[in-house]
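The values are calculated or read from the model by the stated rules, or taken from the named source; none is laboratory data. Bear in mind the structure is a predicted one, so any value in this text is a computation, not a measurement. So basically every Cβ, Gly included, is an ideal-geometry build from the backbone, and we count neighbours across all protein chains shown.
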Amino acid sequence: MYIIKTSCISPQKTHDGSYANDIISYNGNKYNAIEPDYKGLIRPAQLRRMGKTIRMGIGAGLPILQDIERVDGIILASSEGGLEDCIKFLNQIVDYDEGSLTPTNFVQSTPNALAGNLALMSKCQAYNMTHVHRGGAMENALLDALLLFEEKKADLLLLGNVEEISDYNFNIETLAGQFKKEEVTSDALLNSQTPGTVCGEGSSMFLLSNNPDNALAEIMDVAQVSFPHKEDILDFIIGFLSRNLLSPEDIDTIIIGKNGDVRTDFWYDYVCDELFQSQNQYSFKNIVGEYPTSIAFATHFACELLAGKDAPEETIIREINAPKNILIYNHFKGEQHGVILIRK
Amino acid sequence: MDKEQIKKELIQHIIEYLNLSDYTTEDITDDMPLFGDSGLELDSIDSLELTVMLEREFGVKITNPTEGRKILVDVNSMADFIIANKEKADK
C-alpha cells in the first residue's frame, strides 16, 4: 500500500508545509489546530455551517482529491467525530423538550459526517467507512485499506483521521486526569515528569494506491493491540517485524508517541531501551498534542522524513542518518498500542 | 413589541442562527431577498434553521410548507407573519 499524496492540518503550520522551520511553542494543555483559509476550497454557504471537525477534514481531504478523477473509497478514523456539534444537538433535545431541532448540528453530530461530506463534495459514491475505535481507529482504518487492496477491491483510496478539541471531551478528560494540571511549555513537555499530557487536534489525509508509481512512501504493515502487559509489548513488536521478515536492527528510525505523561511514557522508554538503542528517534506529540488518532500525524511526519525533509529540532530525540525504514510506535493512554511500518 | 423592534431582533437572530459571520446587522435590509440568486442566497437547510428560529425566539410556528414560501421571503414578510400570529394568539 503506497502513499501518493498527503495533507495535514495540525497545531503547527503543516497545511502549507512551512512548519518545520517555524515551530509554534505552546504553553498550557490545549494545542489548537492552525487552520488554513478555506475560501476558494469550500463554498461560503457550506463553510459557515461546518463545525471544526468537518472543516478541518474537508480542508485536509479535499485538496488531495482535486485532480483525481475518482477514488474507490473514503476511509476515515475518528474517535469522537464532531463532538461539539453532537453535544449541542443532544442539549437541544433536552432544552427544547424534544421539539423542533436545528438540522445543522444534527447532520454533523455523528463521527461519519466527515466521510459523508467528503463523498458528497467529491461525488464519490463508492465505499465509505468511518472507524471509531478510540486510540485504535487509525490503525483499523489502515487495516481496512490494506484488506481492500489485498482483495483487489480498490486501486485508489482516500484515508485519514480527524479529531477536535471540544469543551465536552476536554472537561471530562481533565476531570479524569488525562491532562496536566500545571502549565508546561511544549519545549518542556517530554521531560515534565508529572502525570497528564496536553490535548491536541487535527486532520491528516492520505491518498493511498496499490501502485508504487510516484509514491512518497510504502506502508508495509500495521498492527494494533489492546491492554497488553508490559512484558508482552516486546514480543508484539518483534512478532510484527518478523512477519515482515525484519528484525529491530533493520529499522533505522523509530517515531514514538511520547506525550509527557509520567504514568504511561515508560512504554516508549522500555521499547526503545530494549529494541532500538541506536536508531534515529523522533517524537511528535510535543508539537501537536495528544489525541486518539494522533498516529495519523506520525504517518504524515514519516512521509516528510522519507521525502528528505529536515525534521523540526523539537522532534529530534536522536538523529544519526537519513530515515529509510521507519517504525511508528504509539499508544493511547497505555491501553491501545499501535505500530506502523513505513519505508521509502 | 412593534414591527421595527421585531425586524431588528429578526436580523440579529438570522445572523446568529445561520452563522453569517460576513454580515453585520446593517448589511441586512428589510427587503433583501433571503433566497434566490440575489440577497442572502440562503438554501433549504437555512429555511429549516429559520423555521426553528421563529418557533424558539418568537413562539410562532410555520406548519404548512407552502405557507413557508410566502413567509420566508425577506425580513419584512417574516415580521408580518410574527405580528399576525401574535395577534391571533392574543385574541
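Given the options A:81, A:99, name the one that is in a loop (DSSP other than H, G, I, E, B) and either assigned by TED's automatic domain parsing to the domain that holds residue A:296 or crowded, with 22+ Cβ neighbours inside 10 Å (or both).
The match here is A:81.
Is it true that some residue in segment A:110-121 is within 14 Å of another protein chain (Cβ to nearest Cβ), buried (at least 18 other Cβ atoms within 10 Å of the Cβ), modelled with pLDDT of 90 or more and under 14 Å from residue A:51 (Cβ atoms)?
yes
Considering only segment A:293-323, state which residues are of a type in the set (D, E, K, R) and either crowded, with 16+ Cβ neighbours inside 10 Å or in contact with a strand residue (DSSP E or B) (Cβ under 6 Å, 6 or more places away or on another chain) (or both).
A:304, A:314, A:318, A:319, listed by residue number.
Tally the residues that are under 19 Å from residue A:86 (Cβ atoms), among the hydrophobic types (A, V, I, L, M, F, W, C) and in contact (Cβ under 8 Å) with a residue 60 or more places away in the chain, restricting the search to segment A:108-139.
Number satisfying all stated conditions: 4.
With the condition kept exactly as written, say whether any residue in segment A:42-62 is over 30 Å from residue B:59 (Cβ atoms), within 14 Å of another protein chain (Cβ to nearest Cβ), of a type in the set (D, E, K, R) and surrounded by fewer than 17 Cβ atoms within 10 Å (Cβ to Cβ).
Yes, segment A:42-62 has at least one match.
The conditions are (1) within 13 Å of chain A (Cβ to nearest Cβ); (2) among the polar types (S, T, N, Q); (3) assigned to a loop (DSSP other than H, G, I, E, B), and residue B:24 fails exactly one of them. Which is it?
(1)
With the requirement that a residue be of a type in the set (Phe, Trp, Tyr) and in a helix (DSSP H, G or I), what does segment A:266-303 give you?
Matches in segment A:266-303: A:266, A:267, A:268, A:270, A:297, A:301.
List the residue pairs whose Cβ atoms are under 6 Å apart, where the first residue sits in segment A:204-230 and is in the same structural domain as residue A:296 (by TED's automatic domain parsing) and surrounded by 19 or more Cβ atoms within 10 Å (Cβ to Cβ), the second is among the acidic types (Asp, Glu) and not in a strand (DSSP E or B), and the two are 6 or more positions apart or on different chains.
Here the result reads A:222/A:139; A:224/A:139, each pair linking segment A:204-230 to a residue that is among the acidic types (Asp, Glu) and not in a strand (DSSP E or B).
Of the conditions (1) modelled with pLDDT of 95 or more; (2) touching a helix residue (DSSP H, G or I) at 6+ places or on another chain (Cβ under 8 Å); (3) away from chain A (no Cβ under 13 Å), residue B:14 clears all except one; give me its number.
(3)
Among the residues of segment A:148-196, count how many are loosely packed, with under 12 Cβ neighbours inside 10 Å and either part of a loop (DSSP other than H, G, I, E, B) or on the phi > 0 side of the Ramachandran plot (or both).
Count: 7.
Quick one: count up the residues across segment A:5-18 that are more than 19 Å from residue A:259 (Cβ to Cβ), within 18 Å of the chain's Cα centre (by Cα) and either outside the structural domain of residue A:184 (by TED's automatic domain parsing) or not hydrophobic (A, V, I, L, M, F, W, C) (or both).
Looking only at that region, the number is 7.
Take residue A:316 and decide whether it is in contact (Cβ under 8 Å) with a residue 60 or more places away in the chain and not charged (D, E, K, R).
In short, no.
Can you name the residue in segment A:199-234 that is in a strand (DSSP E or B) and of a type in the set (D, E, K, R) and, of all such residues, is farthest from residue A:305 (Cα to Cα)?
Ranking the qualifying residues of segment A:199-234, first place goes to A:221.
Go through (1) at pLDDT 95 or above; (2) touching a helix residue (DSSP H, G or I) at 6+ places or on another chain (Cβ under 9 Å) one by one and return the number of the condition residue A:262 breaks.
Condition (2) is where residue A:262 drops out.
If a residue must be in a helix (DSSP H, G or I) and more than 12 Å from chain A (Cβ to nearest Cβ), how many such residues does segment B:35-70 contain?
Counting residues in segment B:35-70 that are in a helix (DSSP H, G or I) and more than 12 Å from chain A (Cβ to nearest Cβ) gives 7.
I'm trying to understand the selection: among the residues of segment A:71-109, which are polar (S, T, N, Q) and within 13 Å of chain B (Cβ to nearest Cβ)?
Correct list: A:92, A:100, A:102, A:104, A:105, A:108.
Select from segment A:256-292 the residues that are free of Cβ contacts under 8 Å to residues at least 40 places away in the same chain, more than 18 Å from residue A:334 (Cβ to Cβ) and buried (at least 19 other Cβ atoms within 10 Å of the Cβ) and list them in ascending order.
A:281, A:282
Report yes if residue A:237 is among the hydrophobic types (A, V, I, L, M, F, W, C) and part of a helix (DSSP H, G or I), otherwise no.
yes
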